[in-house]
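Colleague: Take a look at this one; I'll ask things after.
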Amino acid sequence: MSDAPIIVWFRRDLRVSDHPSLSAAQATGRPVIPLFILDEVVETLGAAAKWRMGLGIDHFQKTIAKIGSKLILRRGKAVDVLLDLIAETGAGEVYWSRAYDPASIARDTEVKANLKGISFTGHLLYEPWLPKTKVGENFKVYTPFWRHVRAGFDIDAPLPAVTHLCIPSEWPKSDVLLDWKMSANMHRGSTVVAKFVHVGERAAVIRLNKFLDTAVEGYKSDRDFPMKPATSGLSENLTYGEISPRTVFNAGQLALEQGKQGAEHFLKELVWREFAYHLLWNFPKLDEICWRREWEDFSWRGENSDATAWKQGRTGQSFVDAGMRELYTTGTMHNRLRMIVGSYLTKHLQTDWRVGLKWFEDCLIDWDPAANAMGWQWIAGCGPDAAPYFRVFNPGLQSEKFDKDEGYRNTWLHTGKHVNAQAFFDAIPISWELTPDTKNITEIIELSQGRKRALDAYSFFKERQTQK
Ligand SMILES: Cc1cc2nc3c(=O)[nH]c(=O)nc-3n(C[C@H](O)[C@H](O)[C@H](O)COP(=O)(O)OP(=O)(O)OC[C@H]3O[C@@H](n4cnc5c(N)ncnc54)[C@H](O)[C@@H]3O)c2cc1C
């Protein structure tokens, strides 16, 4: 039997618990070389995601050191780095956790064609190609997808944490993380956003337990209120694999069995992430092309000065501006606000959903290739299971419903009232030339006018479609 080392190539799976490929490598009893590559996929991440990935790697290096091993860092095209490392170390195989976005698939396909690689599950609860309707088709609508997977798929218990790895006789050389400058595109933002991140496996588990102990009971009723600590915040950790979806699902299932209200709803939300990957798997251009192709003919505007104002949180709609400032300051945004700002951009401002998608991709620390694309197509009305275009969110009414006491808007807009509102000004590029005086921001467009403009454009679009 071979005693050649196994390379475990970490990507979006920065954990040692419930890690099928790491456990499998450990079980062989052979030396394991943990590796992270700053490869062609990681290089192109948006500013915030790349920076946050750097924090995750830094933390994970320490986790791996604690179990007596070492995370080797290398930079370059994945296939070249792996072939070099195999030549240097005599490694027999490379193990990794599967990724399902087109850029990762292209990279991994090339890798697999050139060396002995074995891929494992771990990033999702279900392989995205498995759920099928009764007639063997892919799902396009969430509710039947949910019913199908809930009834038809068992979720195994998470694997125990790997606590020890055999080490190679000699460690290959490693890059120094700081030299990678993962924060380069964050400019002034990183020191501000750093105050809001929860990095690493332990932080993720604490988050999960806290949510299940204190918030899950009210999840169904409170999750739309941005000032209530009603959601788990786990998207940040799930996206870098600092916790496995299986760990989250099983804990949620246990809470359900303990009779905790809201737990079933939480599981249902978690499975939206699976649905997003199901859609992306079946339509790899989900972030590029309208799922309903006819929407490519809609009169979207590309980048424009209104969209710039939207990005900078100065549309004159306080709920929208608060959301955009939360995004820039924390690298996340409450789900309700993601829908409101998305609707406002694509409907009131008639701007292409891909402008918003790209901005989120650059700013979100929980950026996920599938969830972001699905969210934008959903809100723009061009996705498979989308909110109809004529459902135009009114930010004013939304704020009355979900931020009645203005707590959220005060937090992000009024510098005199909350420290976070000031933090936004510490994070933004100086070139934006914004002053903390929010009183002078005039509305880009009055809400009823914007709504009318959107609905007129929709009628025109529909008319043109029927004439085709
Ligand atoms: C325009 C738009 C863009 C989005 N972009 C992203 C993104 O880049 N990354 C991302 O993780 N989520 C994205 N979402 C989905 C959602 O906003 C976040 O998952 C959620 O806000 C995360 O907060 P939480 O972890 O507290 O969620 P919780 O309410 O605690 O939910 C638990 C988990 O379920 C999953 N989940 C919940 N809702 C959704 C959803 N609608 N779609 C997919 N997964 C979901 C997430 O993994 C989340 O962590 C987007 C939504 C919209 C409308």
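Colleague: Arg75's amide H: which non-local residues (gap 5+, or another chain) put their own amide H closer than 5 Å, with H modeled 1.01 Å from N in plane and none for Pro or chain starts?
Modeller: Leu38
Colleague: Which FRET efficiency value, to the nearest 0.05, do you get for Gln465 and Ile430 by plugging their Cβ-Cβ distance into 1/(1 + (r/R0)^6) with R0 = 60 Å? Could the numbers behind the result be given before it?
Modeller: Values: r = 46 Å, r/R0 = 0.76.
Taking R0 as 60 Å, the efficiency between Gln465 and Ile430 is 0.85.
Colleague: Label points 7 Å out from Cα along the Cβ direction at Glu269 and Arg293: separation in nm?
Modeller: 3.7 nm
Colleague: When we measure straight from the Cα of Lys132, which lysines land under 19 angstrom away, once same-chain ones fewer than 8 places off are left out?
Modeller: Lys140, Lys268
Colleague: Related question: Modelled label-to-label distance, Ala113 and Lys285, 7 Å Cα→beta-carbon offset: nm?
Modeller: Here the modelled spin labels are 2.1 nm apart.
Colleague: Let me ask something additional. Find the cysteines in the chain that fail to meet the 4.7 Å Cβ criterion with every other cysteine, and list them.
Modeller: Cys166, Cys363
Colleague: Apply the Karplus curve 6.51 cos²θ - 1.76 cosθ + 1.60, θ = phi - 60°, to the phi angles in the range 177-185 and return the couplings in whole Hz, x for Gly and Pro.
Modeller: 4, 4, 5, 6, 6, 5, 9, 3, 8
Colleague: Please give me the summed charge of the neighbours of Leu455: other residues whose Cβ is under 14 Å from its Cβ, Lys and Arg +1, Asp and Glu -1. Each step should come with its number before you reach the end.
Modeller: Values: positive: Lys347, Arg391, Arg451, Lys452, Arg453, Lys462; negative: Asp456, Glu463.
Charge balance near Leu455 sits at +4.
Colleague: For the range 453-468, just list the computed ³J(HN,Hα) in residue order, Karplus coefficients 6.51, -1.76 and 1.60, θ = phi - 60°, integers in Hz, with x standing in for Gly and Pro.
Modeller: Along the range 453-468, the couplings run 4, 5, 5, 4, 4, 5, 4, 4, 4, 4, 4, 4, 5, 6, 6, 6 Hz.
Colleague: Can you grab the distance from the C-alpha centre of the range 187-263 to the C-alpha centre of the range 309-361, Å, no decimals?
Modeller: 23 Å
Colleague: Take the Cβ-Cβ distance between Leu130 and Gln422 as r, set R0 to 45 Å, and report the resulting FRET efficiency rounded to the nearest 0.05.
Modeller: So the FRET efficiency works out to roughly 0.40.
Colleague: Can you give the translational diffusion coefficient of the chain in µm²/s, computed by Stokes-Einstein from the Kirkwood radius over Cα pairs at 25 °C and 0.890 mPa s? Can you show the working numbers first?
Modeller: On the way: Rh = 23.5 Å.
In µm²/s, the coefficient is 104.
Colleague: Starting from the amide H of Val8, placed 1.01 Å from N in the peptide plane, find each other amide H under 5 Å away whose residue is 5 or more places distant or on another chain.
Modeller: Ile33, Leu35, Tyr95
Colleague: Another question about this same structure. Could you go through the range 301-308 in sequence order and give the Karplus-derived ³J(HN,Hα) for each residue, using 6.51 cos²θ - 1.76 cosθ + 1.60 with θ = phi - 60°, rounded to whole Hz, and x for Gly and Pro?
Modeller: 8, x, 3, 7, 5, 5, 5, 5
Colleague: Name the residues of the range 187-229 whose amide N is less than 13 Å from a point 7 angstrom out from the Cα of Asp58 along the C-beta direction?
Modeller: Counting backbone N atoms under 13 Å from the label point, the list is 190-200.
Rule-based calculations on the coordinates, nothing more; no lab input. It should be emphasised that the depicted structure is a prediction, and the values quoted were computed from it without experimental measurement. Heads up, the Cβs are rebuilt from the backbone with ideal geometry, glycines too, and the neighbour counts pull from every protein chain shown.
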